[in-house]
Structures are given as structure tokens and as C-alpha cells.
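Only one structure is covered here, and it is reproduced in the block below.
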Ligand code: Z5A
Ligand code: MG
């Protein structure tokens, strides 16, 4: 039996990640594939509930502590993702280690570098494909103003945008595809579908599911 693919969708606030993950899941299911949709942070677990309280501003946590919680929130499901993939299920992931490293490193904390932030991600399942939904600040603003959660402000989003570029430049070539996410939901989803189907069809050239490695900073 062919293994499933690990497909990650990344992007800034309101880029349309969750909308596109759901459409992709439905499309792949309609074409007869087994698919699961996972999102991070997963706010339903005990660790996820701590993260949720922090993002809503209901609790204060040290930058390093909350960073490690976000990472632990991925580690707590890493084994089940690997198991699903081994069983032929394609797993679509809404935000992953790239958001993890970038949002923490974007804080004005000189002791929290991108390199430090990446360390706890090393060893997690490595995506077969990471789609980065690119959107300009103007287009994002049209999709609704900033919400009330932490990080939903202009300074933070600008730093995050720059750091996404930095971290993607450091990934092995072929792992990341940039998608223009400013078109209609339908147009964007068609582009995504083509790239994902191509990745699934070429999985045999990748071989076994790989693990995230260090970044060459
Ligand atoms: N974070 C972190 O710090 N560390 C970590 O390790 C992780 C995350 C994993 C919450 O994430 C915060 O956690 C986030 C990063 C940080 N902080 N910020 N900013 P989240 O994923 O739970 O946040 P979210 O609120 O679910 O996602 P989002 O980024 O705000 O939205 P989205 O999923 O990209 O977009 P959407 O919900 O699909 O669409 C937004 C709206 O736009 C909606 O009304 C859609 O109908 C509309 N939309 C979508 N696509 C289109 C197109 N193509 N045209 C027009 N309108 C569209
Ligand atoms: Mg979302």
C-alpha cells in the first residue's frame, strides 16, 4: 500500500488557510482518497487550552514557555500523523512548524532567535509539500480587520511576513511552494489541487516520510 502524503498549508493571518484546507480535504475525498485535516494550534488538548487562553489574552506566559507549548502541541500528535500516513491516509495540516518558529521569533525578544525557535521542531514529520498562501496586507485587510487575538496587529504581521521568507529560503529545495492567494477562493483551490495531486503522484520518488532537520543558519 502507498503511504499518504503530509501536506502543510501556511500563510499570514486571513490568507485563507483554513478555507483552502477544507476544500482540499473535500476534493481529495471526492476523488476516493483517505484524508485527515489537522490544525495547529489544536486548541482541544490540555496543552492547546493553555495556548488558547494565551492567544485570547486571558493568561500571560513567558515567550519561551509558550513557544515550547506550541511545539509540544505538535509533538503530541506527531505519532498519530505518522501512523495515519503509514496507513495510506493523506494528512492536511493547517499551520505547522514554520508558523511556530516565525511567530515566536517575530516578537521583540532578543533572546528568542529564529534558530532557537526552530530547535524543538527538529525530528517532527517533514512535510512532503508546504504551500505558502501569499497575500498582501491590503488584500488581508479587505477580508476583515484584525481580530482581538495576540499577534493580530500590523507590526507583528510585518515581521512575520519577513521571517516566513527567511525560513523558507532555508528549507530544502522543493519543500515549499508559494501560492498567490489573492484570487477567488475557487481559483486558489484549483491551483492548490493541481500541485497537491502532482505531489501525491510523485510520492514514490520521495520514499518514506522524512523528518524535519536543522536549518543552516
Ligand atoms: N501560532 C504561533 O504563534 N505558533 C504556532 O506554532 C502556531 C500558530 C501553529 C492562531 O492561529 C495564532 O497562532 C496565529 C499564529 C499563531 N496568530 N496570528 N496571526 P490560527 O491558525 O488558529 O488562526 P486562525 O484565526 O484560524 O487563522 P487565520 O490565519 O486568521 O485565517 P486563515 O485560516 O488563513 O483564513 P480563513 O479563516 O480561511 O479566511 C479568513 C476570511 O477570509 C474568511 O472570512 C474567508 O471566507 C475569507 N477568505 C478566504 N479566502 C478568500 C479569498 N480567496 N477571497 C476572499 N475572501 C477569502
Ligand atoms: Mg485559520
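Since every read-out is calculated from the coordinates, none of them should be taken as a lab result. Predicted model, so just to flag it, every value in this text is computed and none were measured. Virtual Cβ from ideal backbone geometry, glycine too; neighbours counted across all protein chains shown.
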Using alpha carbon positions and the Kirkwood radius, the Rg to Rh ratio of the stretch 131-196 is 1.00
Note to self: C-alpha centroids of the stretch 18-66 and the stretch 130-160 sit apart, in Å, by 17 Å
Report, for the chain, the % of DSSP beta bridges that are antiparallel, rounded to 5.
5 percent
Report Rg(Cα)/(2.2 N^0.38 Å) for the stretch 2-87, keeping two decimals.
1.26
Find the relative contact order for the stretch 1-90 and round it to a whole percent, using C-alpha pairs within less than 8 Å whose residues are 6+ positions apart.
48 percent
Relative exposure of 202, 134, 74, judged by other C-beta atoms within 10 Å (fewest first):
202, 134, 74
Sorting 94, 63 on the 10 Å Cβ count, fewest up front, what's the list?
63, 94
Selected from 55, 133, 114 as most flexible by GNM, with the chain as the system and alpha-carbon contacts under 10 Å
55
Would the stretch 11-58 count as rounded, prolate or oblate if I go by the C-alpha gyration tensor, calling it rounded below 1.5 in a/c and otherwise prolate when a/b exceeds b/c, oblate otherwise?
oblate
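Over the chain, what is the relative contact order in percent, taking alpha-carbon pairs closer than 8 angstrom and at least six residues apart?
32 percent
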Per DSSP H run of at least 4 residues, take -39500 (n - 2.57); add these up for the chain, divide by its residues and hand me the 222 nm value, nearest 500 deg cm²/dmol.
-15000 deg cm²/dmol
Which percent of Cα pairs goes in each bin when the distances of the stretch 72-127 are cut into 10 angstrom slices starting at zero?
22, 47, 23, 7, 1
Taking a virtual spin label 7 Å from the Cα of residue 1 along the C-beta vector, which residues in the stretch 122-147 bring their backbone nitrogen under 14 Å of it?
none
Comparing 206, 122, 47, which has the greatest mean-square fluctuation in the GNM of the chain with Cα pairs linked when under 10 Å apart?
206
Yeah, the stretch 35-191 with a ≥ b ≥ c from its alpha-carbon gyration tensor (a/c under 1.5 is rounded, else prolate when a/b outruns b/c, oblate otherwise) is rounded
Per GNM of the chain with C-alpha springs under 10 angstrom, the most fluctuating residue out of 191, 88, 174 is 174
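Arrange 96, 151 by Cβ neighbour counts within 10 Å, fewest through most, would you?
Numbers: 96 23, 151 16.
By the 10 Å Cβ count, ascending: 151, 96.
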Cut-off 13 Å, label point 7 angstrom out along Cα-to-Cβ of residue 149: give me the residues of the stretch 94-112 whose amide nitrogen falls inside.
94-96, 99-100, 103
Can you compute the label reach from residue 58? Point 7 Å from Cα along the Cβ direction, backbone N cut-off under 19 Å, restricted to the stretch 147-172.
147-152
In degrees rounded to 10, the 0-90 angle between helix 185-201 Cα long axis and the longest Cα principal axis of the chain is 60 degrees
